[in-house]
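Everything below concerns the one structure shown next.
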Amino acid sequence: MGKSSLATNIALNVARGGDRVYIQSLEESKDAIVRRLLKNSENIDCLPIEIDDGGALDIEEIVLRVKRAHYRGKLDLIVVDHLQEIRSKGDTR
């Protein structure tokens with residue numbers, strides 16, 4: 001099992017317990033994450049999982065997005081997948 005699959009499985013299990021989960025993916029699309037979730041659960045529509053596939057972001061943008069999600073409702077778990085893709089301030093890659 002890869003790191004992304006492990007993180008997704010943890011998020012799924014936390015959400016099954018009724019806790020609100022936020023997944024920030026810096027590389028994979030929302031559709032790819034949903035497909036992975038569906039492999040391990042027959043119905044994810046009723047689970048409190050929010051997925052943001054905003055792409056390569058800097059840390060300030062990630063924090064801002066997490067805060068916005070938290071304002072919509074308390075977050076119990078935050079998963080940031082593909083940490084190596086976080087851009088630093090002024091990074092032009």
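Averaged per residue, what accessible area in Å² does the chain show with a 1.4 Å probe, protein chains only?
62
How large is the convex hull of the C-alpha atoms of the chain per residue, in Å³?
Details: hull volume 8.2 nm³, N = 93.
Each residue corresponds to 88 Å³ of Cα convex hull volume.
If you take every residue apart from Leu57 with its C-beta less than 10 Å away from the C-beta of Leu57, what net charge results, scoring Lys and Arg +1 and Asp and Glu -1? Could the numbers behind the result be given before it?
Details: positive: Arg65, Arg87; negative: Asp52, Asp58, Glu60, Glu61, Glu85.
Around Leu57, the surrounding residues sum to -3.
Need one value: the accessible area of Ser4 in square angstrom, 1.4 angstrom probe, rounded to the nearest 10.
Its heavy atoms expose roughly 20 Å² to the probe.
What residues of region 15-32 lie in the reach of a label at Leu64, counting those whose backbone N is under 18 Å from a point 7 Å from the Cα along Cα→Cβ?
It comes to 24-26, nothing else.
Which whole-number percent gives the relative contact order of the chain, counting Cα pairs below 8 Å spaced six or more residues apart?
41
Between Arg16 and Cys46, what length comes free when the chain is fully extended (0.36 nm per residue of separation minus the Cα-Cα distance, one decimal in nm)?
Values: separation 30, 0.36 × 30 = 10.80 nm, distance 0.92 nm.
Taking Arg16 through Cys46 to full extension adds about 9.9 nm, to one decimal.
Counting only protein heavy atoms, what percent of the accessible surface of the chain is carbon or sulfur at a 1.4 Å probe? Don't jump to the answer; show the numbers that get you there.
Values: 2920 of 5750 Å².
Within the chain, the accessible surface is 51 percent carbon and sulfur.
Hey, with R₀ at 30 Å, roughly what FRET efficiency would Tyr71 and Lys3 work out to, going by the Cβ-Cβ distance, to 0.05?
0.55
The values are calculated or read from the model by the stated rules, or taken from the named source; none is laboratory data. The model shown is predicted, which means the values in this text are computed figures rather than measured ones. Ideal geometry is used to build each Cβ from the backbone, glycine not excepted, and the neighbour counts take in all protein chains shown. When the accessible area is computed, the model is the full protein with side chains, heavy atoms only, and any ligands, DNA or RNA have been set aside. Shrake-Rupley method; radii C 1.70, N 1.55, O 1.52, S 1.80 Å.
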